Structure formats: structure tokens, C-alpha cells
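Read the structure below first, then the notes.
Bear in mind these aren't lab numbers, they're just calculated from the coordinates by the rules spelled out. Model, not experiment: these values are computed from the prediction. Glycine gets a Cβ as well: all are built from the backbone with ideal geometry, and neighbour counts include every protein chain shown.
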Amino acid sequence: MITQCDAIEKLKSMEDNSVDIILTSPPFKEEDISCDYWAFYDDIVSESCRVAAKAVLIIHTSTKMNEFITRYNPKRTIIWGKGMVKYSYRYNPIYVFQKSDDYKVNKYIYSDTFGISPIVGSAKSHKYEDPVSLYYELLKMFKGCESVHDPFCGSGTTLEAAVRLGMQFSGTDIIKENVDMSRLRVSQPRLVES
């Protein structure tokens with residue numbers, strides 16, 4: 001199910017441990033957030049950790065890495081290395097939160113770095129679209145996870161990766177065009193990696 005609504009309001013309405021894993025890339029530029037930046041992330045992290053039964057993965061920015069780790073103390077940090085690209089920041093941290101000792105994330109993580117080129121220019125269908133191959137590899141690592149939720153689904157990258165893996169999925173986005181794009185994307189997943 002893909003719903004147009006506020007991500008944090010939706011998370012707050014979901015039951016504890018109602019999905020196995022949350023994989024998301026929330027807005028991380030301050031100009032894209034209309035309230036206090038760290039209060040926004042306080043809600044994302046706390047609500048995601050409440051809703052997920054096994055693990056939470058949050059893709060963020062290297063420019064705020066030290067502050068994020070200090071505030072939220074993730075279990076692991078995976079690095080998405082983007083190779084030689086035109087941007088000054090050529091990697092993104094992916095923070096992994098372990099929900100409980102019953103599901104030890106360290107047991108499943110087979111790589112702390114992924115060298116996958118970003119989508120650039122006109123190949124993007126969404127301003128901040130990431131490659132589905134990255135999300136596919138991330139979800140594939142966490143064995144025993146059958147359902148995923150993305151509170152900031154954007155163009156539907158997480159959801160398409162879930163379809164490819166045969167997982168149940170749900171997502172939200174506040175922008176109608178993104179919801180429409182995500183719905184189309186999961187109904188017609190691409191056969192080639194991007």
C-alpha cells in the first residue's frame with residue numbers, strides 16, 4: 001500500500017513492530033525541512049525504531065554524519081560510495097539500527113561499503129532518486145525480513161526493490177506526484193538494474 005500523507009503522522013499511527021524493516025532516505029537538506037531539523041529526525045528515528053520489528057536503515061548525508069551518530073548511536077554505519085562523480089560529497093552513510101537482541105543485524109551485514117554509481121541528470125525521475133540496485137542489495141542482506149516500509153518513498157526505489165525480492169511493502173509520501181510515480185513503478189518494475 002502506498003499512501004499520500006505526512007510520514008511522521010503515518011509512523012505514529014502504525015502499531016509497534018508492525019513491519020520487519022524500515023528502509024528510507026528522508027530529506028536531509030535543511031531547506032527541505034520546514035521545522036527544527038533535529039526534532040524532525042528525533043521523530044523519524046524514534047518512530048521508525050518503534051514500528052520496525054527487526055531493523056531500521058536510514059540513508060543520510062556525510063555532512064551531518066558526526067552529529068547523527070552522536071545523537072542516535074546506530075548499531076552500524078554502512079557507506080554508499082558513489083565513485084568519481086561531480087559532487088563534492090561522494091558517499092552517503094546508511095545508519096543501521098538494531099531493534100532487539102532477537103535479530104542481530106551484525107549477523108546479516110556482509111559488506112560495510114557499496115560502490116554503486118548514483119543516478120544523475122535526466123536519468124532521474126525524482127530529484128533525489130537513488131539507484132534501485134543499492135536498495136535491493138541492502139534489503140537482500142537482512143534475511144528473514146518479509147515486509148518493508150518506507151516513510152519517505154519518493155519515486156518508489158525501496159518499494160521496487162521490495163517487489164524484486166518478493167517482499168510485502170508499504171510507503172508514504174506527502175507529494176501526490178511521488179505517490180503516483182511510486183504506484184506506477186511497483187506495478188511495472190524495471191528488469192534492468194539502475
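In table form, for the structure just shown:
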| read-out | value |
| --- | --- |
| HN-Hα J in Hz across region 7-19 - Karplus 6.51, -1.76, 1.60, θ = phi - 60°, x for Gly and Pro | 4, 6, 4, 5, 4, 5, 8, 7, 6, 4, 6, 8, 9 |
| Amide H contacts under 5 Å for residue 146, placed H, 5+ residues apart | 20 |
| Counting DSSP beta bridges with both ends in the chain, the antiparallel % (nearest 5) | 40 |
| Most mobile of 58, 116, 22 in a GNM of the chain (Cα contacts under 10 Å) | 116 |
| Computed [θ] at 222 nm, helices only, for the chain once each DSSP H run of length n ≥ 4 contributes -39500 (n - 2.57) | -9500 deg cm²/dmol |
| Least to most buried among 149, 60 (fewest other Cβ within 10 Å first) | 60, 149 |
| Which labelled figure in (1) 1.06; (2) 0.97; (3) 0.92 is Rg/Rh (Cα atoms, Kirkwood Rh), once derived from the coordinates | (3) |
| Using θ = phi - 60° and Karplus 6.51 cos²θ - 1.76 cosθ + 1.60, couplings along region 30-37 (whole Hz; Gly, Pro as x) | 4, 5, 8, 10, 8, 10, 4, 4 |
| Count, lysine Cα pairs under 13 Å in region 1-112, 8 or more residues apart or across chains | 8 |
| About the Cα centre, charge dipole magnitude for the chain (Lys/Arg +1, Asp/Glu -1 at Cβ), debye | 700 |
